[in-house]
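The values are calculated or read from the model by the stated rules, or taken from the named source; none is laboratory data. In this text the structure is predicted, and so the values were computed from the model without any measurement. Methodologically, a virtual Cβ is constructed for each residue, glycine included, from the backbone with ideal geometry; neighbour enumeration extends over all protein chains shown.
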Amino acid sequence: MIKLYDFPMSPRARKVRIVLAEKGLQHEKVTVDITKGEQKKPEFLVINPYGKVPALQDDGVTIYESTIILEYLNDQYPNPPLLPADPGQRARARVLMHYADNPYDGAFARLVGEVLFKPKGQADQSVIANAKQELTICFEHLERELGSNDYLVGTFSLADIGYAAWAPLFGPLQVEVPTHCPRVSAWLDRLKTRPSIHAAG
Ligand SMILES: N[C@@H](CCC(=O)N[C@@H](CS)C(=O)NCC(=O)O)C(=O)O
């Protein structure tokens with residue numbers, strides 16, 4: 001049985017929950033309460049030495065880093081496939097996964113640090129403004145990447161998941177997709193209607 005070390009509010013764990021739902025995989029969830037520091041306990045550091053969720057155990061293997069977990073699940077449980085078969089499109093999907101994990105995730109992580117983790121009134125407004133500016137650049141890039149497609153690489157794939165996973169935090173972080181990125185808005189709305197994304201919480 002697949003075991004997911006999870007925390008409900010974690011966007012990186014949400015990525016894994018989306019893939020588990022897309023593939024209809026039975027699994028056991030173990031909640032690691034990161035608000036209580038459980039991710040830094042010695043027994044969890046044996047599972048993920050970085051002391052972060054998610055982590056996943058399956059078939060005798062322990063994996064951490066959400067994007068590597070996604071790739072593992074797609075390799076081990078190929079149906080439905082969540083990466084294109086064509087090598088060029090597959091590489092493009094991975095480029096977009098890398099983009100989700102770097103500028104996009106990085107800007108959100110800074111916003112979470114200021115808006116959600118700092119006591120009210122102590123958030124650094126310049127960090128917030130810079131992070132929102134970086135997100136605008138990300139949304140503009142995604143607007144170009146989407147073109148007229150419904151999903152980043154045509155059909156739904158792992159490439160979409162890293163972006164969808166942060167959407168529940170747009171409200172609490174007061175992030176809005178700029179009006180000059182209508183394709184991004186439509187794509188995020190489309191993603192919200194997928195049962196897997198709904199199921200992942
Ligand atoms: N690059 C990692 C990041 C994991 C990560 O930062 N997880 C957050 C929750 S979304 C966490 O565990 N934070 C607690 C901590 O850093 O102590 C991944 O994608 O799995």
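Applying a threshold of 8 Å to beta carbon distances and a minimum spacing of six or more residues, or different chains, the list of pairs starting in segment 64-80 at a residue that is under 19 Å from ILE47 (Cβ atoms) and ending at one that is polar (S, T, N, Q) and more than 7 Å from the ligand (Cβ to nearest atom) reads TYR64/ASN48. Among the residues that make up segment 71-86, is at least one of them within 22 Å of ALA131 (Cα to Cα) and under 17 Å from the mean Cα position of the chain (by Cα)? No, the conditions are met nowhere in segment 71-86.
Criterion applied to THR67, THR62 was being surrounded by 11 or more Cβ atoms within 10 Å (Cβ to Cβ), part of a helix (DSSP H, G or I) and at pLDDT 95 or above, and the one residue passing it is THR67. Kindly evaluate ILE63 against the criterion of being more than 29 Å from GLU140 (Cβ to Cβ), within 14 Å of the ligand (Cβ to nearest atom) and not charged (D, E, K, R). Considered against the rule, which asks whether it is more than 29 Å from GLU140 (Cβ to Cβ), within 14 Å of the ligand (Cβ to nearest atom) and not charged (D, E, K, R), ILE63 comes out as yes. Filtered by the rule that a residue be touching a residue at least 40 places away in the same chain (Cβ under 8 Å) and more than 11 Å from the ligand (Cβ to nearest atom), segment 14-60 gives ARG17, ILE18, VAL19, LEU20, ALA21, GLU22, LYS23, LEU25, ILE47, GLN57, ASP58.
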